[in-house]
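A.B. asks: Can you keep this structure in mind? I'll have questions shortly.
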There are 2 protein chains.
Amino acid sequence: MSQGKISVEEMNARLLEMGEKAKYASYRLAGMSPARKNACLMAMADAIEAAAAEIRDANALDLDAGRKKGLSAAMLDRLTLDDRRIKGMADGLRYVTTLDDPVGKTLSDIIRPNGIRIRKVSVPIGVIGIIYESRPNVTVDAAGLCLKAGNAVILRGGSEAINSNLVLAQCLNCAGVEAGMPDGAVQLVPWTDRKAVSLLLKMSAYIDLIIPRGGEGLIRTVVEQSTIPVIKHYKGVCHVFVDNEADRDMADRIIINAKCQRPGVCNAIEKVLVHQDIADEYVPHLVQLLRDNGVEVRGGPDVCRLVDDIKPATEEDWSAEYLDLILTLKIVGDVNMAIGHINKYGSHHSDCIVTNNAAAAETFLNGVDSATVYHNASTRFTDGGEFGMGAEIGISTDKLHARGPMGLPELTSYKYLVCGEGQVRS
Amino acid sequence: MSQGKISVEEMNARLLEMGEKAKYASYRLAGMSPARKNACLMAMADAIEAAAAEIRDANALDLDAGRKKGLSAAMLDRLTLDDRRIKGMADGLRYVTTLDDPVGKTLSDIIRPNGIRIRKVSVPIGVIGIIYESRPNVTVDAAGLCLKAGNAVILRGGSEAINSNLVLAQCLNCAGVEAGMPDGAVQLVPWTDRKAVSLLLKMSAYIDLIIPRGGEGLIRTVVEQSTIPVIKHYKGVCHVFVDNEADRDMADRIIINAKCQRPGVCNAIEKVLVHQDIADEYVPHLVQLLRDNGVEVRGGPDVCRLVDDIKPATEEDWSAEYLDLILTLKIVGDVNMAIGHINKYGSHHSDCIVTNNAAAAETFLNGVDSATVYHNASTRFTDGGEFGMGAEIGISTDKLHARGPMGLPELTSYKYLVCGEGQVRS
């Protein structure tokens, strides 16, 4: 498709056309019935399964190019679409049809003393731009969730997956349009040039929200360049604080689960803080347990004094997201010192206290400035599915609009409908 | 005070110190009881009244400078603080103490099948930056509302009001701290240099939200430079559409109220659209009525053909915010044409249909993509007070976080508190 050379001016003109088309489609989507949106989603799911061979062929081109570029085995695996994953994407769309439609909910309904009635009603946000990296399944997942919430979507995937994404987006659009979706509701930026992202981020006349998904570098670039509101999380530097009144077996279970069950995700922990009163006993035990589970432990000076062969933590370690079997350990004076450390070095994502002391738990829950704060449970539960949202479009560590896992309601805005009998202001 | 020459590096260092202090204060504010916050607000109100003479003296310096700079009479009036206005600011703070505290509300509370309890609770946003122009009362109003919602605030007022603002901010801070507010909760940027704004807008490590209040130029600059989320409205280009089934007397009343009662505000109308079926009769009548009320009428070609001496509207007129007794008039084919015009040229602020046809009203309410859509009532009701919010910090035409009038709940975020008995993810 349109991957040939193109000037920046031409690219900008074409992107603006895409934006205008998306905005127009969004007005039609806003008035579409839940049944019609679900019919579109079901048609898209069927179309993806029917196009499995074509999708695999396009994916093979991406995988070839990726091997030539020297992508790691892990990245190639993330890029791969086999029949199981293709079915998974289709089933994901079918699952979205079972979720509650978030549009048209009455959020409040009052009558003022002068007789005007003011209703606050949920409406789609409008046009959402999704900027993401390698996984081509995001193309399908994000489009499905945006459509269900009545939004048009402009997708900008990673260059590694461009062939896969082009076929997937075309599949979604054709099947959707045939089932009644306005043309332009699902569009993919066909250029892998990074300038396309810069141009997209200035299109505030057409795009209402940007959701970047990927590494910290991508997200920082988006935040610096965008004149459109962005919802994001940079990274997950999650903590467990083991209080002096902790059930230590529980602390062990939570730490091993939160670190080892899936170390490469944002809600895995990267740091453990231990109350000084139990450090002499608990820290050597925990280090041994972590090492038995294949975890490299780094530590502050106190920890190094207690246990041999600990790699001393640098200042960078306290804010590092390893996404790997590495963990940094610190001894702190009390729950308030733990809160201070977490608020300073953490990423405001998910943090946990293990304690049987209700007052300490309350202090921690109130004091830690994170999207999700845990008492006696693994941070790995920060997830739209685990929170009962059904599906998530991402996780936010911002404080505006959406914080924590973002489900369908977070893909809506609201408007006020005011009805009167001729009232004027005096 | 610190208005002398200062290098950009030094200014940046000092602003970062202010930011760190504000962030630290915000953590203490987040845990402060409603009673304590109200005591601070009452102390601030008393302090402002007690310092009336000092405030008037500082204000006189600003007024002198303003006269020398050649500020208009209207601008000088906006800048003026007399005893009545000083009392008004103090009473405004006292009124805020009577409003419901928006922090600590349980927004949802569920127990998942695995037994973890997930509570969603309202919390302060953190640190809010307010960037505003001439009116010094914003210093007091914004600080009061931010404090009530548990937020620290960094204020950046206009250079014309710098002396007034410095005295007001010092008054608020001293009285607040004496009543138990953490130092740093209310701070004013003491430099009038525009570079201070540019530096502030990059302090995303300390500031969670920027609210600009002022002209479109100021707001565009803020949006272009900020890496911090911004909630804003550029302007109010509000419409009344008079349907063919309108009660024409009601349309007259609404149009005159929305245009003439206070033409300089954002919820005043700038355009009227008239259904073609009633145009021959209604347009000449309306033009006469508007002229009788001192309004200059501009119009599209159809309008010019119907009425003599109408100034032809240019393309710019359709998206212009006059803030004056000027109005542009257009004839449209039907309600859908009206919606299309409003969505294209309007500012997504407040728009109204006058009709007795329920279906047309429904179409308009659903189709117009504005924060507040009216049926048979004046657009002048778009206001926190009129909406029953008690007070407003501003109006948003964005779709993220807050849309329409923003009261105290819109100055909060939320967090999830997850409590378990050792649950881990399988």
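A.B. asks: Would you mention how many residues in the range B:356-368 are surrounded by fewer than 24 Cβ atoms within 10 Å (Cβ to Cβ) and either in contact with a helix residue (DSSP H, G or I) (Cβ under 7 Å, 6 or more places away or on another chain) or more than 7 Å from chain A (Cβ to nearest Cβ) (or both)?
C.D. replies: Residues flagged as surrounded by fewer than 24 Cβ atoms within 10 Å (Cβ to Cβ) and either in contact with a helix residue (DSSP H, G or I) (Cβ under 7 Å, 6 or more places away or on another chain) or more than 7 Å from chain A (Cβ to nearest Cβ) (or both) within the range B:356-368 amount to 9.
A.B. asks: Restricting the range A:227-242 to residues that are over 16 Å from A:N257 (Cβ atoms) and of a type in the set (A, V, I, L, M), which is nearest to the chain's Cα centre (by Cα)?
C.D. replies: A:I231
A.B. asks: Continuing with the same structure: Take the conditions out of contact with any Gly (no Cβ under 8 Å at 6 or more places or on another chain), farther than 24 Å from A:P405 by Cβ and part of a helix (DSSP H, G or I) and apply them to A:E281. Does it pass?
C.D. replies: When the stated conditions are applied, A:E281 passes them.
A.B. asks: I'm trying to understand the selection: among the residues of the range A:82-131, which are among the hydrophobic types (A, V, I, L, M, F, W, C) and within 14 Å of chain B (Cβ to nearest Cβ)?
C.D. replies: Residues satisfying the conditions are A:V103, A:L107, A:I110, A:I111, A:I116, A:I118, A:V121, A:V123, A:I125, A:V127, A:I128.
A.B. asks: Examine the range B:341-352 for a residue that is at the interface with chain A (Cβ under 7 Å from one of its Cβ atoms), among the small types (G, A, S) and within 20 Å of A:R425 (Cα to Cα), and state whether such a residue exists.
C.D. replies: Residues of the range B:341-352 at the interface with chain A (Cβ under 7 Å from one of its Cβ atoms): B:343.
Adding the requirement that they be among the small types (G, A, S) leaves none.
No, the range B:341-352 has no match at all.
A.B. asks: Need at least 2 residues that are more than 7 Å from every other protein chain (Cβ to nearest Cβ) per element, so show me which strands (runs of 3 or more DSSP E) inside the range A:382-426 make the cut, counting only ones lying wholly within it.
C.D. replies: Result: A:394-396, A:404-406.
A.B. asks: Okay, next question. Could you identify the single residue in B:E315, B:E270, B:E245 that is in contact with an Asp or Glu (Cβ under 7 Å, 6 or more places away or on another chain) and closer than 28 Å to A:R28 by Cβ?
C.D. replies: B:E270
A.B. asks: Of all residues in the range B:64-73, count the ones that are part of a helix (DSSP H, G or I), within 25 Å of the chain's Cα centre (by Cα) and in contact (Cβ under 8 Å) with a residue 12 or more places away in the chain.
C.D. replies: Step one: of the range B:64-73, the residues part of a helix (DSSP H, G or I) are B:64-69, B:73.
When the remaining residues are screened for being within 25 Å of the chain's Cα centre (by Cα), the result is B:66, B:73.
The next check asks that each one be in contact (Cβ under 8 Å) with a residue 12 or more places away in the chain; those that pass are B:66.
Looking only at that region, the number is 1.
A.B. asks: Would you mind stating whether A:V140 is in contact with a Gly (Cβ under 9 Å, 6 or more places away or on another chain) and at pLDDT 95 or above? Give the steps one after another, and end with the answer.
C.D. replies: On the way: in contact with a Gly (Cβ under 9 Å, 6 or more places away or on another chain): yes; at pLDDT 95 or above: yes.
So A:V140 fits the description; yes.
A.B. asks: Considering the range B:55-66 alone, what residues qualify as being crowded, with 19+ Cβ neighbours inside 10 Å and charged (D, E, K, R)?
C.D. replies: B:D62
A.B. asks: Applying the selection to the range B:220-264, what residues are farther than 23 Å from B:A338 by Cα and among the β-branched types (V, I, T)?
C.D. replies: Those that are farther than 23 Å from B:A338 by Cα and among the β-branched types (V, I, T): B:T221, B:V222, B:V223, B:T227, B:I228, B:V230, B:I231.
A.B. asks: Could I ask something else about it? Which residue is nearest to the other protein chains (Cβ to nearest Cβ), if the candidates are limited to the range A:319-333 and must be surrounded by fewer than 23 Cβ atoms within 10 Å (Cβ to Cβ) and touching a residue at least 60 places away in the same chain (Cβ under 8 Å)?
C.D. replies: Result: A:S319.
A.B. asks: Taking the condition closer than 29 Å to A:S26 by Cβ, facing chain A (nearest Cβ under 8 Å) and either out of contact with any strand residue (DSSP E or B) (no Cβ under 7 Å at 6 or more places or on another chain) or in contact (Cβ under 8 Å) with a residue 60 or more places away in the chain (or both), does B:Y374 pass?
C.D. replies: no
A.B. asks: OK, next. Of the residues that make up the range B:42-62, is at least one assigned by TED's automatic domain parsing to the domain that holds B:A142 and more than 18 Å from B:L172 (Cβ to Cβ)?
C.D. replies: Yes: the range B:42-62 contains one or more residues that are assigned by TED's automatic domain parsing to the domain that holds B:A142 and more than 18 Å from B:L172 (Cβ to Cβ).
A.B. asks: Please work out if A:T314 is hydroxyl-bearing (S, T, Y) and within 12 Å of chain B (Cβ to nearest Cβ). Talk me through it step by step, then tell me what you get.
C.D. replies: On the way: hydroxyl-bearing (S, T, Y): yes; within 12 Å of chain B (Cβ to nearest Cβ): no.
In short, no.
A.B. asks: Hey, among B:V167, B:V153, which residue is surrounded by 23 or more Cβ atoms within 10 Å (Cβ to Cβ), modelled with pLDDT of 95 or more and touching a strand residue (DSSP E or B) at 6+ places or on another chain (Cβ under 7 Å)?
C.D. replies: Unique residue meeting the criteria: B:V153.
A.B. asks: Could you tell me which residue of the range B:163-186 is farthest from B:Y206 (Cα to Cα), considering only residues that are of a type in the set (A, V, I, L, M) and in a loop (DSSP other than H, G, I, E, B)?
C.D. replies: Among residues in the range B:163-186 that are of a type in the set (A, V, I, L, M) and in a loop (DSSP other than H, G, I, E, B), the one farthest from B:Y206 (Cα to Cα) is B:A179.
A.B. asks: Any idea how many residues of the range A:184-220 are within 14 Å of another protein chain (Cβ to nearest Cβ) and surrounded by fewer than 18 Cβ atoms within 10 Å (Cβ to Cβ)? Explain how you work it out, then say what you get.
C.D. replies: As a first pass, look at the range A:184-220 and keep what is within 14 Å of another protein chain (Cβ to nearest Cβ): A:198, A:201-212, A:216, A:219-220.
Next, from what is left, pick out any that are surrounded by fewer than 18 Cβ atoms within 10 Å (Cβ to Cβ): A:198, A:202, A:204-205, A:216, A:220.
Residues flagged as within 14 Å of another protein chain (Cβ to nearest Cβ) and surrounded by fewer than 18 Cβ atoms within 10 Å (Cβ to Cβ) within the range A:184-220 amount to 6.
A.B. asks: Would you check which residues across the range B:4-54 are more than 14 Å from every other protein chain (Cβ to nearest Cβ), crowded, with 19+ Cβ neighbours inside 10 Å, of a type in the set (G, A, S) and assigned to a helix (DSSP H, G or I) and list them?
C.D. replies: B:A43, B:A45, B:A47, listed by residue number.
A.B. asks: Considering (1) in a helix (DSSP H, G or I); (2) modelled with pLDDT under 95; (3) within 13 Å of another protein chain (Cβ to nearest Cβ), say which one A:N257 fails and leave the rest.
C.D. replies: Checking A:N257 against (1) in a helix (DSSP H, G or I); (2) modelled with pLDDT under 95; (3) within 13 Å of another protein chain (Cβ to nearest Cβ), the one that fails is (2).
A.B. asks: Could I ask something else about it? Within the range A:307-342, work out how many residues are part of a strand (DSSP E or B), touching a Gly at 6+ places or on another chain (Cβ under 8 Å) and not charged (D, E, K, R).
C.D. replies: 4
The values are calculated or read from the model by the stated rules, or taken from the named source; none is laboratory data. Given the structure is predicted, the values throughout are model-derived calculations rather than measurements. Counting neighbours? That spans all protein chains shown, and the Cβs are built from the backbone with ideal geometry, glycine included.
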